[in-house]
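Colleague: Just dropping this structure here.
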Amino acid sequence: MRMVDLIEKKRDGGKLSKKEIETIILGFTQGEIPDYQMSAFLMAVYYRGMDEEEISDMTAVMAGSGDMVDLSEIPGVKVDKHSTGGVGDKTTLIAAPIAAACGVTIAKMSGRGLGFTGGTVDKLESIPGFRTEIPREEFMKIAGETGICVIGQSGNLAPADKKIYALRDVTATVDSIPLIAGSIMSKKIAAGSDCILLDVKTGSGAFMKKLEDAVKLAEIMVRIGEKVGRHTAALITNMDVPLGHAIGNSLEVIEAIHTLQGKGPEDLTSICLELAANMIFLAGKGEISQCRKMARQALQNGSAYQKLKDMISAQGGDIGVIDHPETFEKARVYHEVPAPAGGYITHMDAAQCGIASMLLGAGRATKESLIDHSAGIELIKKTGDVVKLGEPIARLYTSDSCLLPDAQKAYLQAVEISDYPPMTQKLIIGRVTTKGVEYV
Ligand code: URA
């Protein structure tokens, strides 16, 4: 089987067999297929797509390309959660402790941020002392005893995805439904949880800009998960506007703490409650309406906040800063962005807000970039708010004042102000299970 023939087959819209997919994915991972041929193949998939059988086969090969984590020695039903990526998305820090407080076991590997999107591991590392690299036995022990442990992704989890993603990133082939589905589900399947809850984002700050694409991606991923025996569901949620008011690592941890203390922004609180309820549902704890009630109670009675503290303490983090978030290390430089006009904020481009935060040092332009944990943006005004000319609409935080002018410019490009109020948008758009799509 020559790679050139397989590229040609996909280029002409053909269907690849499991053996052919294996040849391509493993050949590339093992260095036998060069980048230029894999790039051509990825572009052929981008334009021609793959049917569901091809996507499932590709996912299975990618999952099996490295370690398949076995969590069976941890008692209870293990539930994983994955967001397709967003700006200000600190939901794992809130939804996972809520679900854990309701008896769901979370033994989770999370990623780092790249480009305009943040990553849970970077956020957790802004907590002094917090360890995201933990030996396997200790990870199992913490998850078993505390009910929740979140660490960084091990080096050998789905190595095929790591290599393919790096190539997709530089060949304009990231936003392809089959490639995203294979990438996400291979990592989730290899990570070993019994159930998977997906948060598929749609809008200006998401890979899937159009709702119909987000639904399609969610449906495919749910079916792939179920096919390999993982109970899987997805929420379709809005990422047209950043979530909450904080973008940037320690700023987001502080917002997550406030949310678990019942003082969080409404959008973030409601999305986290729905995510947690669906995690509890997947773990088989009751009907979805009962699970929603359980999630709300865990937030209100403080048990979810206590779970976050238990996890942080078990992973070496300083609990003192959690109880006193004002003691988190502060960025040295702080600047208020004045509104360039008066009126309603009609649109905030979430991806552009993420870029502004990255320019302040909160994100990585390349995988090698170092991040500044205290950098980021506090959104004072969001879509729908009325602003006066010159009134502060955001606070920018950084350790390097030279970064402010470009970041402010980028931020102002994200914000549209006009004389008329915008249409209100739904935050939680739908829920996809094996039974189909339920629009909220
Ligand atoms: N997140 C992933 O892990 N992979 C993709 O391809 C897109 C988002």
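The values are calculated or read from the model by the stated rules, or taken from the named source; none is laboratory data. Everything numeric here is computed off the predicted structure, so don't read it as measured data. Reconstructed Cβ throughout: ideal geometry from the backbone, glycine too, with neighbour counts over all protein chains shown.
Colleague: Can you pull out the strands (runs of 3 or more DSSP E) entirely within segment 356-440 that have at least 1 residues that are under 22 Å from Gly343 (Cα atoms) and hydrophobic (A, V, I, L, M, F, W, C)? Don't jump to the end; show me each part of the working.
Modeller: Values: elements: 376-379, 392-398, 415-418, 428-433, 436-439.
The qualifying strands (runs of 3 or more DSSP E) are 376-379, 392-398, 415-418.
Colleague: Let me ask something else. Here is a check on your reading of the model: is Ile55 within 16 Å of the ligand (Cβ to nearest atom), in contact (Cβ under 8 Å) with a residue 40 or more places away in the chain and either surrounded by fewer than 24 Cβ atoms within 10 Å (Cβ to Cβ) or not in a loop (DSSP other than H, G, I, E, B) (or both)? So that I can check it myself, show each step before the final result.
Modeller: Values: within 16 Å of the ligand (Cβ to nearest atom): yes; in contact (Cβ under 8 Å) with a residue 40 or more places away in the chain: yes; either surrounded by fewer than 24 Cβ atoms within 10 Å (Cβ to Cβ) or not in a loop (DSSP other than H, G, I, E, B) (or both): yes.
Spelling it out, Ile55 is indeed within 16 Å of the ligand (Cβ to nearest atom), in contact (Cβ under 8 Å) with a residue 40 or more places away in the chain and either surrounded by fewer than 24 Cβ atoms within 10 Å (Cβ to Cβ) or not in a loop (DSSP other than H, G, I, E, B) (or both).
Colleague: Moving to a separate point now. Select from segment 2-37 the residues that are under 26 Å from the mean Cα position of the chain (by Cα) and either of a type in the set (A, V, I, L, M) or part of a loop (DSSP other than H, G, I, E, B) (or both) and list them in ascending order.
Modeller: Initial filter on segment 2-37 (under 26 Å from the mean Cα position of the chain (by Cα)): 25, 29.
Passing the criteria: only Ile25.
Colleague: Something else about it: For segment 385-440, which residues satisfy the criterion of being over 30 Å from Met221 (Cα atoms) and free of Cβ contacts under 8 Å to residues at least 12 places away in the same chain? If you could, list the steps in order and put the result at the bottom.
Modeller: Step one: of segment 385-440, the residues over 30 Å from Met221 (Cα atoms) are 385-423.
Scanning segment 385-440 gives Cys402, Pro405, Lys409, Met423.
Colleague: Is there any pair linking a residue in segment 1-22 that is more than 15 Å from Ala40 (Cβ to Cβ) to one that is surrounded by 13 or more Cβ atoms within 10 Å (Cβ to Cβ) and among the polar types (S, T, N, Q), with Cβ under 8 Å and at least six apart or on different chains, and which?
Modeller: Met1/Thr23
Colleague: So which residues in segment 185-222 are more than 14 Å from the ligand (Cβ to nearest atom) and either of a type in the set (Gly, Ala, Ser) or surrounded by 24 or more Cβ atoms within 10 Å (Cβ to Cβ) (or both), if there are any at all? Please lay out each step first, then the result.
Modeller: Taking segment 185-222 first, the residues more than 14 Å from the ligand (Cβ to nearest atom) are 192-195, 197, 203-204, 210-212, 215-216, 219, 222.
Of everything in segment 185-222, those that are more than 14 Å from the ligand (Cβ to nearest atom) and either of a type in the set (Gly, Ala, Ser) or surrounded by 24 or more Cβ atoms within 10 Å (Cβ to Cβ) (or both) turn out to be Gly192, Ser193, Leu197, Gly203, Ser204, Val222.
Matching residues to (1) surrounded by fewer than 18 Cβ atoms within 10 Å (Cβ to Cβ); (2) under 30 Å from His231 (Cα atoms); (3) touching a Gly at 6+ places or on another chain (Cβ under 7 Å); (4) of a type outside the set (Gly, Ala, Ser):
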site: Gln352; (1), (2), (3), (4): no, no, no, yes
site: Ala362; (1), (2), (3), (4): no, no, yes, no
site: Ser369; (1), (2), (3), (4): yes, no, no, no
site: Leu396; (1), (2), (3), (4): no, no, no, yes
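Colleague: Give segment 386-428 a look and list any residue that's hydroxyl-bearing (Ser, Thr, Tyr) and more than 26 Å from the chain's Cα centre (by Cα), or say none. Before you say what the answer is, go through the steps one by one.
Modeller: Pass one, segment 386-428, residues hydroxyl-bearing (Ser, Thr, Tyr): 397-399, 401, 411, 418, 420, 424.
Hits for segment 386-428 are Ser401, Ser418, Tyr420.
Colleague: How about segment 401-438: which of its residues are in contact with a strand residue (DSSP E or B) (Cβ under 6 Å, 6 or more places away or on another chain), over 30 Å from Ser374 (Cα atoms), modelled with pLDDT of 95 or more and surrounded by fewer than 18 Cβ atoms within 10 Å (Cβ to Cβ)?
Modeller: Matches in segment 401-438: Ser418, Asp419, Pro421, Pro422, Val437, Glu438.
Colleague: Test each condition in (1) over 26 Å from Ser126 (Cβ atoms); (2) within 16 Å of the ligand (Cβ to nearest atom) for Phe281 and report the one that comes out false.
Modeller: All conditions are met except number (2).
Colleague: Taking helices (runs of 4 or more DSSP H) that fall entirely within segment 94-174, which contain at least 2 residues that are more than 28 Å from Ser270 (Cβ to Cβ) and within 16 Å of the ligand (Cβ to nearest atom)?
Modeller: Of the helices (runs of 4 or more DSSP H) lying wholly inside segment 94-174, those with at least 2 residues that are more than 28 Å from Ser270 (Cβ to Cβ) and within 16 Å of the ligand (Cβ to nearest atom) span 159-169.
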